[in-house]
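Below you'll find the structure, written out as structure tokens, and then a few comments.
The values are calculated or read from the model by the stated rules, or taken from the named source; none is laboratory data. Computed from a predicted structure; not experimentally measured. Methodologically, a virtual Cβ is constructed for each residue, glycine included, from the backbone with ideal geometry; neighbour enumeration extends over all protein chains shown. The protein model used for the area step is the full one, side chains on, heavy atoms only, and it has no ligands, DNA or RNA in it. Shrake-Rupley method; radii C 1.70, N 1.55, O 1.52, S 1.80 Å.
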Amino acid sequence: MLTKPVLVESLIVFVIILFVHAVVWDRYSWCAVALAIQAFYVQFKWDRLLQLGGAVFQFRTAANSGLLPASMVIPLLGIVMKERCKSTGIVYFERFGIVVASTGMLVALFLSVIAVGITKPVPTNTCILTGVAGSIIIYTMKHSLTVSEVIEVLEVLLIFVYLSMILLYLLPRCFTPGEALLVLGGISFVLNQLIKRSLNVIEGRGNPIDFFLLVAVVGVVLLGLFFTVLFIFMDSGTWISSMFFHMMTAVLGLGVIMPWLYRLIQRNPLFWLLQFLFQTQTRVYLLVYWTFLAASACGVVFYQNAKRSSESKKHQASTITRKYFHFIVVATYVPGLIYDRQLLYVAAVLCLAVFIFLEYIRYFRIKPFGQTLRHLLSLFLDERDSGPLILTHIYLLLGMSLPVWLFPRSCAPKGTLSGAGALVPYSGVLAVGVGDTIASIFGSTMGEIKWPGTKKTFEGTMTAIFAQIIAVALILIFDSSVNLNSSYAWILASVSLVSLLEAYTTQIDNLLLPLYLQIMFM
């Protein structure tokens, strides 16, 4: 039975859920257990739909549906956030954690109901299980949420439904159902938060860098939707279309996004950003250092393309070459985490916006750089880039940045959590930058014993765990704010479980692994 990767992947996720449930042990953790059990059964219905081509939209075919691991991320994040903020007495963010958990559960249930509804013949047992789990979750929400919180959860669900119909139609084969749940669910929640805060803005309330993240994410998504609809009616590869693209980007940026941000932070966004970036000498040094690393990454891209001869146009970059970018990202994030996390937060948002904007230019073939970007990036494609978009580098950035963005600063009075929670901002660095990179390099070069049913090796996983433990020791030495309070056994268990998940999952590990490691640390 354990020769099937999906079963082992599910077992690992269940162990993580039970770890969280054992620590929290309240009505929400029981709901998470119920959601996980029904997601496990529905996952096989999704897998069957994908194999038979019966799904409504075209999903990524080289992976399973990934419904169980994806369904649990947002609910578990909300539960652990609630628990952390409850322990510090921050009632607002405790309620916010409950809303996050409830939203994640409802969105996951919706995706399960869709799978059950389009499966023929109707799976009676799975329908009953989904109904029982849904009843437990809705009953708990009824007795836990206020009316305004219920409305907020339903708003996110409505945005998710419409966003899914639009983006999954426009971007075939870019996601598995699980990845779509994570990405589109996250965007839906961000959009709802931005609308809510825009309608209830109070001068002096809220951190400008939080608003900066919300506006940047929503801005680039709306920009993409606008140009996707526009270029249905005109050829995007002409000079006229390209000039129109750049002109409308400037109009939307300066005429919509900037005023929106000004309303939220009550100051000129450009002046605020410049003042923020160059506020201290440390920030200037970090920016110069990051510019050098960015230039190095560009140099690697140009060098690898220069090596590609005309006789080997189908040549793809090796695993070790692709993992070089992981080392650059680690070298980027670690100094930021140690010396200035707020600067890292804002710089990561800017970098995400630039990455997505460049992907628009590549996808729409916008002159003068669109075709050049297509040629340069085609060398680094892998089997996960089966759709029209190239998303692996964006997922890498998200995996490193999400633990920084989602760190509950308001529930950490001294800027850091106690115990293993102190490593939460480092979750991306450990899981993706160190663990995934070392596992891939050692597994592909020296690995001989393969995990049953996968291409991943035992040696790769063991070296990944060992490397992450060494990385934790180095973090303890160089970051004085980290105090683990003898929680070493929990850290070892967390790192080991996430490394095993990396070996068995077929989902985008750059996105999934940091979130699960963050959940365990919190």
field: The one condition in (1) part of a helix (DSSP H, G or I); (2) touching a residue at least 60 places away in the same chain (Cβ under 8 Å); (3) over 28 Å from D340 (Cβ atoms) that P452 fails to fulfil
entry: (1)
- request: Say whether the condition of being out of contact with any His (no Cβ under 6 Å at 6 or more places or on another chain), over 15 Å from A347 (Cβ atoms), open to solvent by less than 80 Å² (accessible area, probe 1.4 Å) and not charged (D, E, K, R) is met by at least one residue in segment 269-289.
  value: yes
message: Pairs please, first residue from segment 9-33 and in contact (Cβ under 8 Å) with a residue 12 or more places away in the chain, second anywhere and open to solvent by 40 Å² or more (accessible area, probe 1.4 Å) and among the hydroxyl-bearing types (S, T, Y), Cβ atoms under 9 Å, 6+ apart in sequence or on different chains.
response: E9/T506
- prompt: Before we move on, is W451 modelled with pLDDT under 90 and of a type in the set (F, W, Y)?
  reply: yes
message: Take the residues in segment 295-316 that are over 14 Å from L377 (Cα atoms) and either in contact with a helix residue (DSSP H, G or I) (Cβ under 8 Å, 6 or more places away or on another chain) or of a type in the set (S, T, Y) (or both); name whichever of them is modelled with the highest pLDDT.
response: S296
message: What's the number of the only condition in (1) of a type in the set (D, E, K, R); (2) part of a helix (DSSP H, G or I); (3) in contact (Cβ under 8 Å) with a residue 24 or more places away in the chain that R60 fails to meet?
response: (2)
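Within segment 385-393, does at least one residue satisfy the condition of being within 30 Å of L474 (Cα to Cα) and among the hydrophobic types (A, V, I, L, M, F, W, C)?
So far as segment 385-393 goes, no, none of its residues is within 30 Å of L474 (Cα to Cα) and among the hydrophobic types (A, V, I, L, M, F, W, C).
Among the residues of segment 421-430, is there at least one that is touching a Leu at 6+ places or on another chain (Cβ under 8 Å), modelled with pLDDT under 90 and under 30 Å from F93 (Cα atoms)?
Narrowing segment 421-430 to residues touching a Leu at 6+ places or on another chain (Cβ under 8 Å): 422-430.
Narrowing the set further to residues that are modelled with pLDDT under 90 leaves 422.
Checking which are under 30 Å from F93 (Cα atoms) leaves us with 422.
Scanning segment 421-430 turns up at least one residue that is touching a Leu at 6+ places or on another chain (Cβ under 8 Å), modelled with pLDDT under 90 and under 30 Å from F93 (Cα atoms).
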- line: Across segment 167-200, the tally of residues that are crowded, with 23+ Cβ neighbours inside 10 Å and of a type in the set (S, T, Y) stands at 1
message: When the residues of segment 226-249 are narrowed to those that are under 19 Å from L171 (Cα atoms) and among the β-branched types (V, I, T), which ends up least open to solvent (accessible area, probe 1.4 Å)?
response: T228
Pair list, Cβ under 6 Å, 6 or more apart: segment 122-147 residue assigned to a helix (DSSP H, G or I) and surrounded by fewer than 18 Cβ atoms within 10 Å (Cβ to Cβ), other residue at pLDDT below 90 and acidic (D, E): none
message: Which residue is most open to solvent (accessible area, probe 1.4 Å), if the candidates are limited to segment 87-104 and must be of a type in the set (A, V, I, L, M) and in a helix (DSSP H, G or I)?
response: V91
